[in-house]
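Step one of this worksheet: look at the structure below.
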Amino acid sequence: MEVKFIQKKKKIIELEFDDKTLPNALAEALSENEVDSYVYEPHPLIKGYRLHVEADDAMKELKSAVSKVEKRWDGFSELLRKGLVSEK
């Protein structure tokens with residue numbers, strides 16, 4: 001997965017991803033924390049998905065969302081591992 005910072009200021013952060021799964025998950029986690037964020041495609045002919053975040057401290061909010069998504073995915077991974085254990 002490739003991620004690039006497009007804009008990095010105290011109140012605004014914009015990242016570009018080559019896949020839309022992670023930015024959508026982050027936008028959902030940010031929304032749960034009542035942070036203004038959205039995912040969009042900058043142009044139909046240019047590959048990439050952008051996550052735009054606006055907050056008083058955008059980086060702090062983004063880090064919090066990353067932690068939240070990481071915990072959810074770790075939980076999903078654990079459930080999947082338990083489900084893959086073959087029964088005897």
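The values are calculated or read from the model by the stated rules, or taken from the named source; none is laboratory data. Source: prediction; values computed, not measured. Here the Cβ is made from the backbone with ideal geometry for all residues, glycine too, and neighbour counts use every protein chain on show.
The table for this structure:
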item	result
Candidates His43, His52, filtered to the one that is at pLDDT below 95 and not small (Gly, Ala, Ser)	His43
Flag if Lys63 is surrounded by 14 or more Cβ atoms within 10 Å (Cβ to Cβ) and modelled with pLDDT of 85 or more	no
Cβ-Cβ under 7 Å pairs, at least 6 apart or on other chains, segment 23-38 side under 18 Å from Asp56 (Cβ atoms), far side assigned to a loop (DSSP other than H, G, I, E, B) and at pLDDT 95 or above	Val35/Ala55; Asp36/Ala55
Segment 70-88 - residue that is part of a loop (DSSP other than H, G, I, E, B) and of a type outside the set (D, E, K, R) and, of those, farthest from Asn24 (Cα to Cα)	Ser86
Pick from segment 38-59, criterion exposed (fewer than 13 other Cβ atoms within 10 Å of the Cβ) and among the aliphatic types (A, V, I, L, M), ranking: nearest to the chain's Cα centre (by Cα)	Ile46
Those strands (runs of 3 or more DSSP E) lying entirely in segment 1-69 with at least 3 residues of a type in the set (A, V, I, L, M, F, W, C)	3-8, 12-17
Residue check, Val69 surrounded by 12 or more Cβ atoms within 10 Å (Cβ to Cβ) and modelled with pLDDT of 95 or more	no
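Residue by residue, here is whether (1) surrounded by 12 or more Cβ atoms within 10 Å (Cβ to Cβ); (2) modelled with pLDDT of 95 or more holds:
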{"residue": "Met1", "(1), (2)": "no, no"}
{"residue": "Phe5", "(1), (2)": "no, yes"}
{"residue": "Lys9", "(1), (2)": "no, yes"}
{"residue": "Glu16", "(1), (2)": "yes, yes"}
{"residue": "Thr21", "(1), (2)": "no, no"}
{"residue": "Glu28", "(1), (2)": "yes, yes"}
{"residue": "Asp36", "(1), (2)": "yes, yes"}
